[in-house]
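The structure under discussion appears below in the form of structure tokens.
The values are calculated or read from the model by the stated rules, or taken from the named source; none is laboratory data. These numbers come from a predicted model, not from an experiment. Neighbour counts are summed over all protein chains in view; Cβ atoms, including those assigned to glycine, are modelled from backbone coordinates with ideal geometry.
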Amino acid sequence: MAESSKRATCEICPHRCSLVEGAVGRCRARVARGGEVVAANYGKVTSVALDPIEKKPLLRYHPGSTVLSIGSFGCNLSCPFCQNASIAQAGERDVGWREVSPEWLISKALELCESGCIGIAYTYNEPLVGFEFVRDCAHLAHDAALQNVLVSNGMVNEGPLQELAPFIDAANIDLKGFSQEFYDIVGGDYSTVRATIEHLALLPTCHLEVTTLAIPDLNDDPDAAGEAARWLSSLDPAITYHLTRFFPQHRMADRPPTPISTLRKMAESARRYLDDVVLGNC
């Protein structure tokens, strides 16, 4: 078989893209190189900001502190309502970026500690499509006594998750919907996301919060939100569950915002099982 026709399989997420040399996966951030699939976005940062921890959103983890937030490009979902489509639905040639090293990032976070920064948040696009960079930064951050915060869609295979999870101090995972039917819309795997949430919820070293963006007529059923809350409560009744309001975005610019009354009904249903249900974007 010719060298150029040999395929390498990406093991980061359930898509398991099979790529010939030089080809890029559906996430736009991983490439077949030298017989393996690696992060094409390693160290390529599109967004850097010092954010309040509550913006992640993490309401019950070091409230009042800040985190140095970084993002790259690429995502392994294709949500038509994406709030960060300019980078998440972009590849290397579609968006501006600067290259930084894990060491540089750690040094910047340490410089900001005196002003209340507790560590680094991997966020904005889907951070785990750049798994190797997140892993390398997370190791160095722990060595420097910094906190690692992960904001993710949860679409990650068991192997990479197990490797990274011991270094994650807090996470907010998007539970985008309540069925595989919904995940078909965004190009994802519902069972994988549930497994990620389960893994982190049962990890004593990781603080976990969960977010659902409620979209009119797609995932705004109060009974379904209640069932999701019942499942989350079975993992940890102290989980903070964020129900956030949709506004027109990306390919759903013609859909109306979520009525606040709908969010309140969803929260009422969820609070039958969880004490800490929070409404966002209201």
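Data table
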read-out: Residues being in contact (Cβ under 8 Å) with a residue 24 or more places away in the chain, assigned to a helix (DSSP H, G or I) and polar (S, T, N, Q) - total across the range 157-198; value: 3
read-out: All positions within the range 240-269 that are assigned to a helix (DSSP H, G or I) and closer than 20 Å to residue 229 by Cα; value: 260, 261, 262, 263, 264, 265, 266, 267, 268, 269
read-out: Scan of the range 45-59 for residues that are assigned to a loop (DSSP other than H, G, I, E, B) and either exposed (fewer than 15 other Cβ atoms within 10 Å of the Cβ) or more than 15 Å from the chain's Cα centre (by Cα) (or both), ordered by number; value: 46, 59
read-out: Odd one out for residue 205 among (1) of a type in the set (Val, Ile, Thr); (2) surrounded by fewer than 19 Cβ atoms within 10 Å (Cβ to Cβ); (3) assigned to a helix (DSSP H, G or I); value: (3)
read-out: Residue 77 vs. criteria touching a residue at least 60 places away in the same chain (Cβ under 8 Å) and within 25 Å of residue 279 (Cβ to Cβ); value: yes
read-out: Matching option when the condition is closer than 26 Å to residue 17 by Cβ and either aromatic (Phe, Trp, Tyr) or buried (at least 16 other Cβ atoms within 10 Å of the Cβ) (or both), among 37, 67; value: 37
read-out: Flag for residue 74 being over 15 Å from the mean Cα position of the chain (by Cα), outside any strand (DSSP E or B) and either at pLDDT below 95 or not charged (D, E, K, R) (or both); value: no
read-out: Residue that is farthest from residue 278 (Cα to Cα), among those in the range 222-239 that are in contact with an Asp or Glu (Cβ under 9 Å, 6 or more places away or on another chain) and in a loop (DSSP other than H, G, I, E, B); value: 237
read-out: Yes/no for residue 6 being out of contact with any helix residue (DSSP H, G or I) (no Cβ under 6 Å at 6 or more places or on another chain), among the basic types (Lys, Arg), surrounded by fewer than 17 Cβ atoms within 10 Å (Cβ to Cβ) and at pLDDT below 95; value: yes
read-out: Number of positions in the range 207-227 that are more than 16 Å from residue 248 (Cβ to Cβ), among the charged types (D, E, K, R) and in contact with a strand residue (DSSP E or B) (Cβ under 6 Å, 6 or more places away or on another chain); value: 1
read-out: All positions within the range 101-111 that are surrounded by fewer than 18 Cβ atoms within 10 Å (Cβ to Cβ) and touching a residue at least 12 places away in the same chain (Cβ under 8 Å); value: 101, 103, 108, 110
read-out: Residue match in the range 134-147 (condition: part of a loop (DSSP other than H, G, I, E, B), closer than 23 Å to residue 232 by Cα, in contact with a helix residue (DSSP H, G or I) (Cβ under 8 Å, 6 or more places away or on another chain) and not hydroxyl-bearing (Ser, Thr, Tyr)); value: no
